[in-house]
Every structure is written in C-alpha cells, then in structure tokens.
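Worksheet: one structure, shown below.
Any read-out appearing in this document is the output of simple, stated calculations on the displayed coordinates, not a laboratory observation. Just so we're clear, the structure is a prediction, and the values are computed from it rather than from any experiment. With ideal geometry, Cβ positions are generated from the backbone for all residues, glycine too; neighbour counts draw on all protein chains shown.
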C-alpha cells in the first residue's frame with residue numbers, strides 16, 4: 001500500500017499524517033504536534049497509547065526460555081527447535097564483525113530441543129541445557145562453545161549462582177547437578193538414593209523442571225514435575241526440607257536478598273513463601289489457568305507471572321492487595337518470562353514460537369522496533 005501511494009504521500013506528508021488523527025489518542029505526541037487546531041474525537045479513543053507491545057516471530061517451535069544480559073543490551077531465546085537466538089535489545093541490528101565484514105556465524109550446537117538457558121552474572125558466559133543430554137557453556141565474547149558436559153539424561157533446567165561460580169542443572173531422571181563453573185568440575189551430584197536410604201526427602205522421583213540458587217548461594221531450590229519443592233544445602237547436598245502443596249506447584253522463582261521465594265500453581269495462584277521454613281505468607285490471584293513461568297524484578301518488589309490463560313501479570317509486592325497489571329496480546333501460553341536489568345521491560349516467550357516485549361512503566365516505543373536474529377547457536 002505504501003509503495004502504491006508513495007508519490008502522493010511524499011508530496012504532502014503533513015496531510016497524510018493528519019489523516020491518522022482519528023485513530024490517535026488525545027494525549028499522544030502525534031495529536032499535540034499535528035497542527036494548531038487539531039480535530040476533536042468525541043468517541044472511541046483512549047486518552048493515551050496502550051502499553052507498548054512488540055511481537056517477534058522468533059522460532060519454528062515452542063519457546064522454552066528467555067533471558068536478558070546484565071546490562072540489558074542483549075536478549076536470548078531458546079526453543080524446542082534446538083536453537084538459541086541472540087537479539088540486540090536496543091537496535092535490533094545484526095551483530096557484525098566490522099573487520100571481516102560478515103555477520104556472526106551460525107555455531108554448531110545442540111542436537112535436540114533446548115530446554116533452558118542462563119547467563120552468568122557478568123553475561124560473558126551463557127549456559128544452555130537440552131534434550132540431547134548435554135549442558136553447554138558458551139563464550140559470549142567469541143560466540144563459541146567453551147565446554148560440553150554430558151549428564152546422562154535429558155537436561156531440563158539450568159541456573160547460575162549470583163556470582164556465576166556455581167552452575168546447577170536438573171534432569172529428566174530426577175538428578176540435580178551442581179558444578180563449580182570456574183573449575184569445570186562437579187562439586188555435587190544429588191541423585192536418587194537406593195532403597196536402603198533412611199531419608200526419603202533427599203531426592204526427586206520425577207523430572208526436575210526448575211532450579212534457583214538462594215540465601216547467598218548456600219541453598220538451592222528445585223521443583224519437580226510432580227509439584228514437590230526441595231531445598232538443598234549446596235555444601236553437602238543434604239535436603240533441608242521438602243514440600244508439596246495441595247495445589248500442584250508448576251513454577252518457581254527466588255528473591256536473592258529477601259529470604260523468600262515465589263511459586264505458581266495449577267489453580268493460577270502466585271504464592272510468596274519464607275525460605276527458611278517454607279511457610280506461605282500470602283497468595284496473589286488473578287490468573288484463570290495454570291502458571292508456567294515466574295520472574296522477579298531487579299528491585300525484588302515485583303513478580304511477573306506467565307500463564308496458560310495467555311496473559312502475563314505483574315504483581316506489586318509492596319501492595320499485594322492491589323490487582324496485578326495485566327499484559328495481554330499473547331495468542332498462546334506464556335511459557336517464559338524475564339525482566340530487563342532495570343526492570344522497565346518484560347519479555348515473554350510463547351508456545352506459538354513468538355516473543356513479546358512490553359514497556360510496563362511508560363509505553364515508550366522502545367525495544368524491538370525492527371528486530372532481527374543476531375546469532376543462532
């Protein structure tokens with residue numbers, strides 16, 4: 001359409017822009033700068049633009065995880081199509097080697113679905129886990145695979161400690177691994193005990209689907225597909241407590257400095273818990289279906305939840321009695337959510353292969369205005 005009418009548009013662009021006034025909110029910049037006597041719209045128009053949304057067709061299969069670099073400049077998405085894709089969060093332009101005059105190459109990687117990814121604290125190392133039974137460490141300065149670790153079962157979730165020194169992984173067979181990332185050696189392997197074990201709570205009997213380090217990285221929380229949460233002592237691998245709620249828990253996130261953690265469940269509730277005793281403090285309700293993803297913002301004052309009901313909700317923990325902000329527009333389940341490092345943007349990945357970005361505070365038209373893939377691992 002633009003190409004067909006380019007000449008008249010180019011000759012009188014002011015008249016063309018004024019024709020959009022009927023669809024422009026009264027408080028928008030377009031309305032305020034388009035003439036001394038703007039047209040008044042009496043019905044059918046909001047006061048300002050809706051919160052900014054941008055949809056990106058990112059993968060050819062379900063998105064399993066999203067993460068942002070520490071400085072917020074890069075977004076990573078992983079998918080069941082076996083790829084990890086790197087995006088420039090500010091410009092959407094390809095990362096290129098200006099010396100060689102080429103774009104970043106496609107690197108040899110996982111053979112099957114990529115189930116999770118995590119940045120180390122300095123964003124120089126990326127860890128990914130896959131159905132191909134491997135964990136891979138990537139050098140994000142060179143975009144090269146630095147290490148491949150075989151775990152003997154499908155690797156379903158992965159997490160770095162806050163200092164980036166420890167790396168945890170949960171697998172299909174119920175095993176939890178912890179490695180010292182600096183030495184590339186396992187420091188603990190917490191595996192299903194034999195039948196002579198006296199403590200029945202020191203293992204998962206089903207797949208481990210979520211991990212999070214807590215309490216200055218001295219503790220690790222793990223969530224299994226049957227809804228059990230277990231708290232581990234990182235130093236010796238002892239299980240400190242195990243808990244299963246009456247409603248199946250399906251998502252987990254930790255507050256690094258608050259001694260709390262959050263869960264999402266099949267009934268659509270978000271709960272806040274004390275880490276030491278696993279005591280629930282309160283519930284947040286608004287979702288109409290199962291929660292499958294949680295994220296804590298950098299200030300630890302908000303939680304974002306992604307649900308099967310095709311919405312992302314942002315909860316203000318300083319005012320838990322208030323209804324959550326609803327970020328809509330998704331056409332499928334919100335399978336993964338993440339905050340940017342400054343907390344202004346939320347990213348969600350969906351089961352219909354797309355990524356959506358919201359500016360939750362101002363609605364400014366920033367982020368993925370014209371996004372393209374930057375690298376495929």
Problem set entry | Distance-filtered residues of the range 243-282 - backbone nitrogen under 20 Å, label point 7 angstrom along residue 205 Cα→Cβ | 243-250
For this session: Project the alpha carbons of the range 286-326 onto their principal axes and report the range along each, largest first, in whole Å.
Result: 26, 20, 12
Exercise. Taking 0.36 nm per residue of separation and subtracting the Cα-Cα distance, what length does fully extending residue 276 through residue 301 add?
Worked result: 7.0 nm
Problem set entry | Separation between Cα centres of the range 222-256 and the range 106-166, rounded to whole Å | 22
Exercise. R0 = 35 Å: FRET efficiency of residue 71 with residue 285, Cβ-based, nearest 0.05?
Worked result: 0.50
Exercise. If you stretched the chain out fully between residue 173 and residue 236, how much longer would it get, using 0.36 nm times the residue separation minus the C-alpha to C-alpha distance?
Worked result: 20.6 nm
